[in-house]
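Structure first, then comments.
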Amino acid sequence: MDSYIELQLLPDPEFPANTLMNALFAKLHRGLVSSGEGRVGVSFPDVEQKGVGLGGRLRLHGAAPDLERLMAANWLQGMRDHLSCSQLSSVPANAAYRVVQRVQAKSSPERERRRLIARKGISAEVAVQAIPDSAAEMLNLPYVLLTSQSTRQQFRLFVEHLPMQKDAVQGTFSAYGLSSTATVPWF
């Protein structure tokens, strides 16, 4: 992870910043899927840890050839009028590191009950007692709102920036550019 590219959303009177970030992140996800995910990580330098704000900047982190390959694919089509894209740059020598990961909430007790019924073969009444509606987990983390390509359902992809650490940890990234173990530079 010696290089990065920064994408800065431009103010737009028609679209709020979070709507533009949702669209940008959806396009990035499709770009990472088509170009072979695993080697490009993301971070949100303007993130607000509490609430929904990921801010107006998205950084792509990786080796220069991987970032060049991603940017050569036309994944930003339709977004270029809404953002400023930096040149490929080297990560500053004094950068810290942090994990930027996806967090999934168990927010649907009904889905959890269906899974419990299927696994254990219990009745719906017993499943409701085991997993009441109050068991729904609510996260207070920033997120992007995405639409599943397969089911067409909208979902929140919650993003957590873990505490800074001194040393980099190598690893792979998901098709969202997130990892529960690999770090990205933070500066």
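The values are calculated or read from the model by the stated rules, or taken from the named source; none is laboratory data. Keep in mind that this is a model prediction, so the values were computed, not measured. All Cβ positions, glycine included, derive from the backbone under ideal geometry; neighbour counts span all protein chains shown. Just the protein is used for accessible areas: all its heavy atoms, side chains included, with ligands, DNA and RNA removed. Shrake-Rupley method; radii C 1.70, N 1.55, O 1.52, S 1.80 Å.
Within segment 95-124, the set of residues being in contact (Cβ under 8 Å) with a residue 40 or more places away in the chain, open to solvent by 60 Å² or more (accessible area, probe 1.4 Å) and of a type in the set (Lys, Arg) comprises Arg102 only.
Checked against the criterion of being closer than 27 Å to Leu7 by Cβ, modelled with pLDDT of 95 or more and in contact with a Lys or Arg (Cβ under 7 Å, 6 or more places away or on another chain), segment 52-62 contains one or more residues that satisfy it. Identify all residues within segment 140-184 that are of a type in the set (S, T, N, Q) and not in a loop (DSSP other than H, G, I, E, B); write none if there are none. If the condition is that a residue be of a type in the set (S, T, N, Q) and not in a loop (DSSP other than H, G, I, E, B), then Thr147, Gln154, Gln165, Thr183 are the ones that fit.
Quick check on my filter: what residues within segment 150-165 are exposed (fewer than 11 other Cβ atoms within 10 Å of the Cβ) and touching a residue at least 60 places away in the same chain (Cβ under 8 Å)? Break it down into steps so the answer makes sense when it comes.
So in segment 150-165, the residues exposed (fewer than 11 other Cβ atoms within 10 Å of the Cβ) come out as 150-154, 163.
The answer is Pro163, and nothing else.
With the requirement that a residue be modelled with pLDDT under 90 and not charged (D, E, K, R), what does segment 142-153 give you? Ser148, Gln149, Ser150, Thr151, Gln153 - these are the residues of segment 142-153 that are modelled with pLDDT under 90 and not charged (D, E, K, R).
Kindly check whether there is at least one residue in segment 125-139 that is among the polar types (S, T, N, Q), part of a loop (DSSP other than H, G, I, E, B) and either out of contact with any Leu (no Cβ under 8 Å at 6 or more places or on another chain) or touching a residue at least 40 places away in the same chain (Cβ under 8 Å) (or both). Spell out how you get there, then give the answer.
So the first thing to find is which residues in segment 125-139 are among the polar types (S, T, N, Q), and the list is 129, 134.
When the remaining residues are screened for being part of a loop (DSSP other than H, G, I, E, B), the result is none.
Checked against the condition, which is being among the polar types (S, T, N, Q), part of a loop (DSSP other than H, G, I, E, B) and either out of contact with any Leu (no Cβ under 8 Å at 6 or more places or on another chain) or touching a residue at least 40 places away in the same chain (Cβ under 8 Å) (or both), segment 125-139 yields no hits at all.
Take the conditions (1) closer than 22 Å to Val47 by Cα; (2) touching a helix residue (DSSP H, G or I) at 6+ places or on another chain (Cβ under 7 Å); Ala96 misses just one of them, which is (2). Limited to segment 72-94, what total is found for residues that are of a type in the set (Gly, Ala, Ser), open to solvent by 50 Å² or more (accessible area, probe 1.4 Å) and closer than 18 Å to Trp186 by Cα? Of the residues in that region, 2 qualify. Filtering segment 127-163 to residues that are aliphatic (A, V, I, L, M) and more than 15 Å from Glu48 (Cβ to Cβ) leaves Ala127, Val128, Ala130, Ile131, Ala135, Ala136, Met138, Leu145, Leu146, Leu157, Leu162. Only residues that are touching a strand residue (DSSP E or B) at 6+ places or on another chain (Cβ under 9 Å), crowded, with 16+ Cβ neighbours inside 10 Å and either assigned to a loop (DSSP other than H, G, I, E, B) or among the aliphatic types (A, V, I, L, M) (or both) were counted across segment 9-31, and they come to 7. Exactly one residue among Arg69, Arg39 is within 19 Å of Val169 (Cα to Cα) and either open to solvent by 70 Å² or more (accessible area, probe 1.4 Å) or of a type outside the set (D, E, K, R) (or both), and that residue is Arg39.
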